[in-house]
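The values are calculated or read from the model by the stated rules, or taken from the named source; none is laboratory data. Since we're looking at a predicted model, the values are computed, not measured. Because the Cβ atoms are built from the backbone with ideal geometry, glycine has one as well, and the counts that use them run over all protein chains shown.
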Amino acid sequence: MSLYLLAVSYAAMALAGFLIGGAFQLLGLVPTNHHVAVFETQPAWNYTTFLDLAFLVLMALLAWRFVTTGGLEMLRVHARRPGADAKLVQDPVCGMSVDPAPAAEQIDYEGETYYFCSEGCKETFSKDPGRYIGRPKTAPGA
């Protein structure tokens, strides 16, 4: 199915390009001489260079935060599909459905076992369990 979508999308883009190119030639909008000055200018430090570097630093920080807060474990959990007969429970921190059978992250608190999708959610819960156990089931003021 994905190859079909790729082929149809490519064909539609190619056809559109040919049609637009033909229309421009019929209307006389295509220049007869092409002077390209791409390689005549030297690279220069300008505001876009600094924006690119700032964006690169931001992306590195976000990637570091993702890795250090349990993002990789969360992706591994998402990749595993629970069995058809699995009795799923809800992660009290993020609300994700977790299969308790293979769940590596769990805490026994006040006589009840809580399961988590990742180590990050487990650590967050262990810092303040009352915040996640006492979460209201309805919206405030309802």
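Which residue out of F50, F66, F55 is under 30 Å from G130 (Cβ atoms) and modelled with pLDDT of 90 or more? Outline the logic, then answer.
On the way: F50 fails: under 30 Å from G130 (Cβ atoms); F55 fails: under 30 Å from G130 (Cβ atoms).
Selected residue: F66, the only one of F50, F66, F55 that is under 30 Å from G130 (Cβ atoms) and modelled with pLDDT of 90 or more.
Sort through A63, A79, A44, A84 and tell me the only one that's hydrophobic (A, V, I, L, M, F, W, C), loosely packed, with under 10 Cβ neighbours inside 10 Å and under 30 Å from E123 (Cβ atoms). Within the list A63, A79, A44, A84, the selection yields A79. Among the candidates A60, A23, A54, the residue that is outside the structural domain of E119 (by TED's automatic domain parsing) and touching a Leu at 6+ places or on another chain (Cβ under 9 Å) is uniquely A23.
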